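Participant: Below are the structure tokens for one structure; questions will follow.
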Amino acid sequence: MLVLSNDTALNSLLSKLLQDYLEQTNSSAASQVRSASNNLEIVYVLLMVGLFGFFTVGVMLTNIRARRLEDSRDPYNTYIATDIWHKKDREYFQAKLIENYKLCCVFENQLAVEQPSMQIPEAKSS
């Protein structure tokens, strides 16, 4: 232990010790702030990865469920897989075409029909 002879040396020693203590306290507080900031960054990254994973798993499960519903016994897929609907569409189109052909009428204007024996008068230019 150090023995000091006067009060000024004691005061300077105590003030030096106090300053050292305060500097250590401030530096540890700054490191605690940095570690708290790092902890928040880690929590943020984990939260983002978790949300992305949740979204990805949801999309995968929806896709798997949809593919499972596409069973071979499903009437919609059976209808698409067969070629019957092409034939039915072709038959319906042909029936409509014949029906429209039967309903079709052609009117002939006898005055507008070209008559080779008569000559169309031309306007004379002056």
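Participant: Checking His86 against (1) loosely packed, with under 10 Cβ neighbours inside 10 Å; (2) at pLDDT below 70: exactly one of these is not met. Which one?
Facilitator: The one condition His86 does not meet is (2).
Participant: Tell me yes or no: at least one residue of region 100-112 is in a helix (DSSP H, G or I), surrounded by 10 or more Cβ atoms within 10 Å (Cβ to Cβ), of a type outside the set (D, E, K, R) and at pLDDT 65 or above.
Facilitator: The answer is no, given that none of the residues of region 100-112 is in a helix (DSSP H, G or I), surrounded by 10 or more Cβ atoms within 10 Å (Cβ to Cβ), of a type outside the set (D, E, K, R) and at pLDDT 65 or above.
The values are calculated or read from the model by the stated rules, or taken from the named source; none is laboratory data. On a predicted model such as this, the values are computed, not experimentally measured, just so you know. When we count neighbours, we look across all protein chains shown, and the Cβ atoms used for this are built from the backbone with ideal geometry, even at glycine.
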